[in-house]
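> I'd like to ask you about the structure that follows.
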Amino acid sequence: MNAPGGFQPGNQQHGADASDDGCGQSASSCVASRSGEPSLLAAPPEHSSPGFDARVERALHRRALAMRLRAARLAAGLSQTTVAQAMGLPRPAITWLESGDRRVEACELVDLARLYGVTVAQLLGEAT
């Protein structure tokens, strides 16, 4: 089953069309570099693409948000099933949100904040 937002658990595609995600590597060179085999097409770490740092930073922010979403749900005493039903989402979508494997849409963030009894700013880590 596909999660909202197009995420498929276990999907090992490289980029949206399995050919390029903007990092400059083809899918085959990316797979080779992940498998530990040297790739002649991959840039050395000291010459990584300019967008690399931004991608890493976004991933870190998404993971931090995921942890705050889980903490807020638990503090509210709600199960993933209850949240999913209230949001009109399949339960695995809540798991994916809380693991950072699925992006949170703005309208979902507002609904989650209301459901958890916190502010959007708190979920974003901007207020304590």
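Quick note: the coordinates plus some simple rules give every number you see, no bench work behind them. Computed from a predicted model, the values in this text were never measured in an experiment. No Cβ is skipped: glycine too gets one built from the backbone with ideal geometry, and neighbour counts run over all protein chains shown.
> If you place +1 on the Cβ of every Lys and Arg and -1 on the Cβ of every Asp and Glu, how big does the dipole about the Cα centre of region 55-123 come out, in debye to the nearest 20? Show your work: numbers first, answer last.
Working: 11 positive and 6 negative charges, 39 e Å.
I would put it at about 180 debye.
> While we're here: Among residues other than Gly88 whose Cβ falls under 13 Å from its Cβ, what is the net charge (Lys/Arg +1, Asp/Glu -1)?
Numbers: positive: Arg91; negative: Glu105, Glu108, Asp111.
Taking every Cβ under 13 Å from that of Gly88, the sum is -2.
> So how do 85-91, 96-102 stack up, highest first, on mean other-Cβ count within 10 Å? Spell out each step's value before the answer.
Working: 85-91: 14.1, 96-102: 21.6.
Result, highest mean first: 96-102, 85-91.
> Farthest toward the dipole's positive end in region 55-123, which of Ala121, Ala75, Val56, given Cβ charges of +1 (Lys, Arg) and -1 (Asp, Glu) about the Cα centre?
Positive-end residue among those listed: Val56.
> Quick one: net charge around Arg103, please, counting Lys, Arg +1 and Asp, Glu -1 for every other residue with C-beta under 13 Å from its C-beta. Could the numbers behind the result be given before it?
Values: positive: Arg58, Arg62, Arg63, Arg102; negative: Glu98, Asp101, Glu105, Glu108.
Its environment carries a net charge of 0.
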